[in-house]
Each structure stands twice: as structure tokens, then as C-alpha cells.
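Below is one structure, written out as C-alpha cells; the observations come after it.
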Amino acid sequence: MPTQVATVAAGARIKPARVGRRARDLGARCVQVALRWYDVARQRRALLRLDQRMLKDIGISRADAVHEASRPFWDEGGDPWRRWH
């Protein structure tokens, strides 16, 4: 029995199993990124709740904490391309 294939716009032929796996991989990656962004936002909110003594213990000032907490959740710092390769 011949294997079913899906035809894409460019004319390439891809087996449905590969398309399904790629979709699952993409979905899993999206969930990973969303969970990481949620965690970053949670940590930044928690940083604002630290008192002066706790901030001193970790070596940052109130201004540093406010600055870090004001960054958008997707701004994780560092080289953005490092995470994708």
C-alpha cells in the first residue's frame, strides 16, 4: 500500500507523520517559552516584594530591583540567538 503524502505550496512532498511531529515539536516549544516567560515575570514581581535587608543580602539596590522588574517578561537579557541554536 503506498504511503500517503501531503503536498505543500512549494511542491515539496512531506509525509504526514513528519508534519505531525513538527507541529507537536512547535507546540511543545511554544509551551516551553510561555512557561519560561511566566516564570521570568513571576520572579520579577517577587523581586519587588523583597525588603531592603533582603535586597542587600543579594547585592542589589531598590533601584536595581525596580529597573529589573520594569523589564518586559520576554526580555531575558543575554544573546537572544544563543537560546535558539
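Beta carbons within 10 angstrom, averaged per residue: use that to sort the peptides 36-43, 47-54, highest first.
Working: 36-43: 13.2, 47-54: 11.4.
So the peptides 36-43, 47-54, ranked by packing, come out 36-43, 47-54.
Run the simple label-point estimate for MET54 and ARG71 please: 7 Å along Cα→C-beta, distance reported in nm.
In this crude spin-label approximation the distance works out to 1.9 nm.
Only the coordinates and a few stated rules stand behind these numbers; no lab work does. Keep in mind that what you see is a predicted model, and the values were worked out from it rather than measured. Cβ sites come from the backbone with ideal geometry, for glycine too, and all protein chains shown count toward neighbours.
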